[in-house]
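Take a look at the structure below.
The values are calculated or read from the model by the stated rules, or taken from the named source; none is laboratory data. Predicted model, so just to flag it, every value in this text is computed and none were measured. We place every Cβ from the backbone using ideal geometry, glycine too, and count neighbours over all the protein chains shown. Areas reflect the complete protein model, heavy atoms only, side chains present, ligands, DNA and RNA absent. Shrake-Rupley method; radii C 1.70, N 1.55, O 1.52, S 1.80 Å.
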Amino acid sequence: VQTCALPISMSNRHQPTSTERPECMSVLSLLPPYTAEDVKQAYFEKVKTTHPDVGGNVADFLQLQEAYQQANEYVDFRKSRMEWLAAHMEQYLKQSLVVDELTRLGGRVETQEIDWHRKAFGEDFSQIMATIVSIHLCGPEIGDEVVEFLVKEHGVLHRLRILDLRWSPIGDAGLRCLRIFSGLRGLDLRGTRIALQPSRVVRWFPKLQRLGIDRSNVGLVERLRLRFSDRH
């Protein structure tokens, strides 16, 4: 299990200069100094041409949304470092409790620091902002209570990208509950009781890049149809 230890020193070792523009600000076409209003206005201007409803590219729009979120975090941090730290420390402690519980259940959890956080805020602060990106909960002992726990803690797991539930007794009802994790890139359901059509599962997780369904209750024809489809 990869977790983040609470940093002893909160010194900001690296203060970005005016020439070191965060990538999120570059996406928004902003130059320092940055304010929350600047970020908001730049985002709304970009949305006018980037949103898919006006002919924009989906990937570009998702990148813009991510940049908007990052830019707001950056501005908040620069405005009041201690207020920012207190808010993120609370989230960090909640995440630590989730990691401990998943470990107790026999799971393996991976966290990830974001490069731009490290460059903008320093190593110590970036550790606090590390988020859970991968959860592996495999085996017959993983029951419905585990699914309920994951759904309950969705707020802490909002950046979850890989969920591995191999050889667990999860079925279609449990998978329906997990639709809340729509940002998943990888979902491993090999050896489970899943019987839903893979095409429906893919619609539930639109960012999915890898889906494991071998040795599940999904029929062979459906598995082959998904494997040889244009999209996958």
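Of all residues in the stretch 2-30 being of a type in the set (A, V, I, L, M) and surrounded by fewer than 11 Cβ atoms within 10 Å (Cβ to Cβ), which is modelled with the highest pLDDT?
That would be Ala5.
I want to confirm something. Restricting to the stretch 151-167 and keeping residues that are closer than 22 Å to Ala87 by Cα and crowded, with 18+ Cβ neighbours inside 10 Å, which single residue is farthest from the chain's Cα centre (by Cα)?
Restricting to residues being closer than 22 Å to Ala87 by Cα and crowded, with 18+ Cβ neighbours inside 10 Å, the top hit is Glu153.
Cβ-Cβ under 9 Å, sequence separation 6+ or interchain: first residue in the stretch 134-153 and part of a strand (DSSP E or B), partner of a type in the set (Ser, Thr, Tyr). Which pairs?
Listed pairs, sorted by first residue: Ser134/Thr111.
Need the failing condition index for Ala173 against (1) modelled with pLDDT of 90 or more; (2) farther than 27 Å from Leu62 by Cα; (3) surrounded by 15 or more Cβ atoms within 10 Å (Cβ to Cβ), just the number.
(3)
Do we have Ser216 as more than 17 Å from Glu110 (Cβ to Cβ), surrounded by 15 or more Cβ atoms within 10 Å (Cβ to Cβ) and either without any contact (Cβ under 8 Å) to a residue 40 or more places away in the chain or of a type in the set (A, V, I, L, M) (or both) here?
yes
Looking at the stretch 47-60 only, could you name the residues that are part of a helix (DSSP H, G or I), open to solvent by less than 60 Å² (accessible area, probe 1.4 Å) and at pLDDT 90 or above?
Those that are part of a helix (DSSP H, G or I), open to solvent by less than 60 Å² (accessible area, probe 1.4 Å) and at pLDDT 90 or above: Val47, Thr50.
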